[in-house]
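Worksheet for the structure shown next.
Nothing in this text is a laboratory measurement; each read-out follows from the coordinates by a stated rule. Just so we're clear, the structure is a prediction, and the values are computed from it rather than from any experiment. A quick note on method: Cβ atoms are made from the backbone with ideal geometry, for glycine too, and the neighbour counts reach across all protein chains shown.
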Amino acid sequence: MTLLRIDKLSKSFDGVKAVNDVSFSVEAGQLLALIGPNGAGKSTCFNMINGQLKPTSGTIHLDGHDITGRRPRDIWRQGVGRTFQVAATFNSMTVLENMQMALLSHERRAFGFFSRVASSHEDEAMALLDLVGMAAHARRSCAVLAYGDVKRVELAMALSNRPKLLLMDEPTAGMAPEERNALMALTARLARERNMGVLFTEHSMDVVFEHADTLVVLARGQLIAEGDADAIRNDARVREVYLGTGASYAPRAVSIDGAAR
């Protein structure tokens with residue numbers, strides 16, 4: 001089942017097209033990696049899907065509903081979770097309090113005093129922390145955690161709205177190789193179990209090739225290839241622009257299946 005459909009999405013900044021006529025889709029239960037060199041348009045795509053940027057043109061559909069240009073909080077409540085390249089947790093709060101605030105946000109509630117938060121959603125918060133292997137750290141401040149553990153807490157927070165779609169912006173940045181693969185293996189398992197689509201960007205090609213079902217490659221704002229790991233490894237255009245020949249990239253119009261037009 002198609003969960004996310006991106007159709008001819010474009011974004012211009014002062015006449016410069018950061019994303020140019022990009023189309024792809026994410027299926028329920030699928031891990032799709034959006035990759036490409038720096039400046040390819042990956043973060044711009046993410047920020048349009050998440051509502052932080054409004055597209056210049058094109059549409060974004062989630063589970064059949066048009067969410068193009070909607071606000072981030074509305075998209076969150078439609079069932080889109082997100083993690084960030086730089087982990088977004090409150091360092092002054094405990095791991096458990098971070099989880100409770102995420103759960104309260106989903107149900108449109110807030111409290112002026114943390115003492116009232118302490119009694120809210122503790123069981124649900126602990127269940128999510130247990131899911132990502134962080135229950136034993138619930139009473140610790142996020143400020144004292146190792147970075148890999150902070151990433152796990154952020155994943156648990158992103159799952160607090162029971163997302164249909166999970167967006168992960170460089171989820172393993174700053175993590176050791178063993179931590180990277182453990183986090184993405186957990187994400188893949190959750191995607192299968194919950195029939196949740198996952199769209200992620202990542203520069204660690206070992207993580208991408210090991211865990212992504214499908215890869216979409218951007219260069220200079222354009223989609224240049226799409227396919228499984230073997231197809232992308234053997235794509236001459238991808239090797240040229242991203243995987244390391246050093247040759248320059250001459251844009252070509254490409255269909256969604258990666259065939260040249």
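For segment 155-172, the residues whose amide N sits under 19 Å from a probe point set 7 Å from the Cα of Met1 along the beta carbon direction are 161-167.
Computed over segment 128-255, the P(r) curve from all C-alpha pair distances, binned at 5 Å from the origin, holds 2, 9, 18, 19, 17, 13, 9, 7, 4, 2, 0 percent per bin. What's the local net charge at Ala146, with K and R +1, D and E -1, over the other residues with C-beta under 14 Å away? Once positives and negatives cancel, what remains is 0.
Treating cross-link reach as a plain straight distance, find the aspartates and glutamates whose alpha-carbon is under 15 Å from the alpha-carbon of Lys151, omitting any fewer than eight places away in the same chain. List returned: Asp130, Asp169, Glu170, Glu178, Glu179, Glu202. Calculate the translational D of segment 21-76 in whole µm² s⁻¹ from Stokes-Einstein, where the hydrodynamic radius comes from the Kirkwood formula applied to all Cα pairs, the temperature is 25 °C and the viscosity 0.890 mPa s. Approximately 200 µm²/s, per Stokes-Einstein.
What's the exposure ranking of Met101, Met205, going from fewest to most Cβ atoms within 10 Å?
Values: Met101 22, Met205 17.
So the residues, fewest neighbours to most, are Met205, Met101.
Of all beta bridges that DSSP places with both ends in the chain, some 55 percent have antiparallel geometry. How are the C-alpha pair distances of segment 10-113 spread across 5 Å bins, as whole percents from the shortest bin up? Values per bin, smallest distances first: 2, 10, 18, 20, 19, 14, 9, 6, 2, 0. With R₀ set to 35 Å, the beta-carbon distance separating Asn38 from Asp213 gives a calculated FRET efficiency near 0.90.
According to the Cα gyration tensor, what semi-axes, each the square root of 5 times an eigenvalue, does the equivalent ellipsoid of the chain have, listed from largest to smallest in whole Å? All intermediate terms of the calculation are to be shown ahead of the outcome.
Numbers: eigenvalues 219, 82, 49 Å².
Three semi-axes, in Å: 33, 20, 16.
Is there a quick way to get the dipole size of the chain? I mean about its Cα centre, with the Cβ of Lys and Arg at +1 and of Asp and Glu at -1; what is the value in debye to the nearest 20? Intermediate values should be presented prior to the final figure.
Working: 30 positive and 30 negative charges, 163 e Å.
Roughly 780 debye, rounded to the nearest 20.
Using DSSP to call loops (not H, G, I, E or B), can you name the chymotrypsin sites (Phe, Trp or Tyr not before Pro) in segment 18-108 whose Cβ has at most 16 other Cβ atoms within 10 angstrom? Could you put the intermediate results ahead of the total?
Values: sites: Phe24, Phe46, Trp76, Phe84, Phe90; in loops: Phe84, Phe90.
For chymotrypsin sites (Phe, Trp or Tyr not before Pro) across segment 18-108 that sit outside H, G, I, E and B with at most 16 neighbouring Cβ atoms in 10 Å, the list reads Phe90.
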